[in-house]
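Just so you know, all these numbers are worked out from the coordinates, no wet-lab data involved. The model shown is predicted, which means the values in this text are computed figures rather than measured ones. So basically every Cβ, Gly included, is an ideal-geometry build from the backbone, and we count neighbours across all protein chains shown.
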Amino acid sequence: MSILIVEDDEGVQESLATLLRMEGYDVETVSDGSAALRRLSDEPPPNLILLDLIMPHMDGVEFRSRQLADSRIANIPVIIVSACAEARGTAERLGAVDFLLKPMSFEALLLAVQNTAITVVTTQGIPGSPKSLREAWRALHHHD
């Protein structure tokens, strides 16, 4: 599974990338939303995006808005990572699959990534590109 980390703090970026690589994930990093959009124009897209909200050039909110407006990349799940507890509401409004408060534990990071990985693998090929197991169940139940 491939993960794109969008984080401007080099220390946080490197820590997240190292931990996830140690767990066997393919990881790429960029430092702001505009760099992330450039990366997403390449093929193949990542399976998951870890997104900071407060960054220079293009912040996480602007990036997510542009991502959702582009049908080629709109369905890539996003986990919001922020040092601001109030960002949980923003993450929900942006349709993120999860929210992690910085600094987070290694266990919390892995749990969020693993839950998303299970959802990505389990829901592949289901009509409507569900973003959660609940949405997948609804799509399959409605499709029958």
If you take the beta carbon distance between residue 70 and residue 115 as r and set R0 to 35 Å, what does 1/(1 + (r/R0)^6) give as a FRET efficiency, to the nearest 0.05?
0.90
I'd like to know how the stretch 7-89 sits against the 2.2 N^0.38 Å rule of thumb: what's its Cα Rg over that expected value?
1.05
Please compute the net charge surrounding residue 21, taking Lys and Arg as +1 and Asp and Glu as -1 over other residues with Cβ under 14 Å from its Cβ.
-4
